[in-house]
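Read the structure below first, then the notes.
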Amino acid sequence: AAVAVLVLLGTADLALVARRYVIPMDAKPFHAENAIVRELRRRTGGRPAMIANYVTRNAWGQDWLNTALAVHGFNNPVPGERGGDSSQARFFAAWQNDPLRFWRLTGVRFLLLPRTQAEPLARQGVMEPLGEYALGAGTVGAARGSADAVVLGELRDGGLPKLYYQWRGGVALDDQVATALEDGSVPVSDSPP
């Protein structure tokens, strides 16, 4: 009887502690396909792509939007606020004065920016705006013309660098690639001849 009373008291104590200190968390925003993810999947045909997120804290598992993007295959090379002395944070710091080069080196195809930062890039033709969104607590909604809107944009050059090889003629394209890999020849340039 004494053991049963101790077990009952221990169980009641654990239930009270859990009730006071354990806060249930809604994990749906981390895994649900929100409006931004739907637009990215539509643009990429469901394939993964890199997105530079300059809107949220970018802390894995704590920032619901950044985690939702990563869960659906859209990784972010911009380090979070706890990046510290990681190699990713050092690389970002080295290129922060030349964001176009940083995006190209990391293969970024999409940008997520506050509206005030996105407008100059759109005017210069660097990115094509895909939509404006309002971020809430675990939600994404449409926000046309709002001053605090978040803009999703796609870089005009497609993000990833393109490599061009000098065509030697008379050889199938696959054979040219195989030959270039075998003999170690370097691409002629990163711009079309």
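Just checking, which of THR67, THR56 is farther than 15 Å from LEU155 by Cβ and part of a helix (DSSP H, G or I)?
THR67
Please find, within segment 95-110, the residue that is most open to solvent (accessible area, probe 1.4 Å) out of those that are in a helix (DSSP H, G or I) and in contact with a strand residue (DSSP E or B) (Cβ under 7 Å, 6 or more places away or on another chain).
If we take residues in segment 95-110 being in a helix (DSSP H, G or I) and in contact with a strand residue (DSSP E or B) (Cβ under 7 Å, 6 or more places away or on another chain), then THR106 is most open to solvent (accessible area, probe 1.4 Å).
So, GLY83, is that one outside any helix (DSSP H, G or I), at pLDDT below 85, at negative phi and out of contact with any strand residue (DSSP E or B) (no Cβ under 8 Å at 6 or more places or on another chain) or not?
yes
Looking at segment 62-71, can you tell me whether even one residue there is open to solvent by 70 Å² or more (accessible area, probe 1.4 Å) and free of Cβ contacts under 8 Å to residues at least 60 places away in the same chain?
yes
Write out, first by first residue and then by second, each pair whose Cβ atoms fall under 6 Å of each other, whose residues are 6+ apart or on separate chains, and whose first residue, in segment 97-125, is in contact (Cβ under 8 Å) with a residue 24 or more places away in the chain while the second is assigned to a helix (DSSP H, G or I).
Matching pairs, first to second residue: PHE102/TRP95.
Taking the condition within 18 Å of ARG47 (Cα to Cα), modelled with pLDDT under 75 and not polar (S, T, N, Q), does GLY158 pass?
It is true that GLY158 is within 18 Å of ARG47 (Cα to Cα), modelled with pLDDT under 75 and not polar (S, T, N, Q).
The values are calculated or read from the model by the stated rules, or taken from the named source; none is laboratory data. Treat the numbers as computed from the prediction; the structure is a model and nothing was measured. Every residue, glycine among them, receives a Cβ derived from its backbone with ideal geometry; neighbour counts consider all protein chains shown. Note: accessible area is taken over every heavy atom of the protein model, side chains too, but ligands, DNA and RNA are not part of it. Shrake-Rupley method; radii C 1.70, N 1.55, O 1.52, S 1.80 Å.
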